[in-house]
Amino acid sequence: MIEHPDRISIADCVEGHVYLLLSRNLVLGVFRRSSDEGVVEHMQRFDTGFVGIREKFGHRYLFEEYHWDCGEPYGTANPLEDLGPLPEGITAQERLGEEPNAALFAYLDSLAKGRGVTLEAVQSAALKGLSRKVGGD
C-alpha cells in the first residue's frame, strides 16, 4: 500500500466515525482509538485503526486495519473522507462476545452499496489522482 498525501492524520480522526479509506483490504472503516487517553504519542502501538468489511477467498468478515500513521509494517489505512458517526447503538468492535458484530457489518455493507464504493474503485481513483499530482495522466 502507498502513502496518500491527502489522508486525514491520526490526530484528526474521530472515534466512532466512518471513513472512506485507501487501504489494503477495506473501503470503509470505523475509527477506533487505542485504549490510551488521547493520541498515541509515538505511533508505535498498533491498536489504533479502522474496523471494516474484508473479503478474502470469497468470505466477507469484519477486520481491522491500522492507520498509516502507526508506521511500518502495519499501518496500511489512509482515511480520505469522514462520512460521519456510526448510528447510535452500533459499536466499532469486530465481535460482540463470541459472535460477529452483525449490526456493524450490515451498516457498513449498506453504506458501501448505497455510495457505490468498492475497494478496487477507491484504489484506482486514488492512484489516478496521485499520478496527476506527480505529473502523470
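When you count the other C-beta atoms within 10 angstrom of each residue and take the mean per peptide, 115-126, 67-78, 100-111 line up highest first as 67-78, 100-111, 115-126.
Be a star and scan the range 51-77 for residues whose amide nitrogen sits under 13 Å from the point 7 Å along the Cα-to-Cβ vector of GLU120. Under cut-off, by backbone N: nothing.
On full extension, the segment bounded by ARG60 and ASP12 gains 14.4 nm, given 0.36 nm per residue less the C-alpha separation. Ranked for footprinting exposure by Cβ neighbours inside 10 Å, fewest first, LEU20, LEU26 give LEU20, LEU26.
Just so you know, all these numbers are worked out from the coordinates, no wet-lab data involved. This structure is a prediction, so every number in the text was calculated from the model and none was measured. Backbone-built Cβ (ideal geometry, glycine too); neighbour counts: all protein chains shown.
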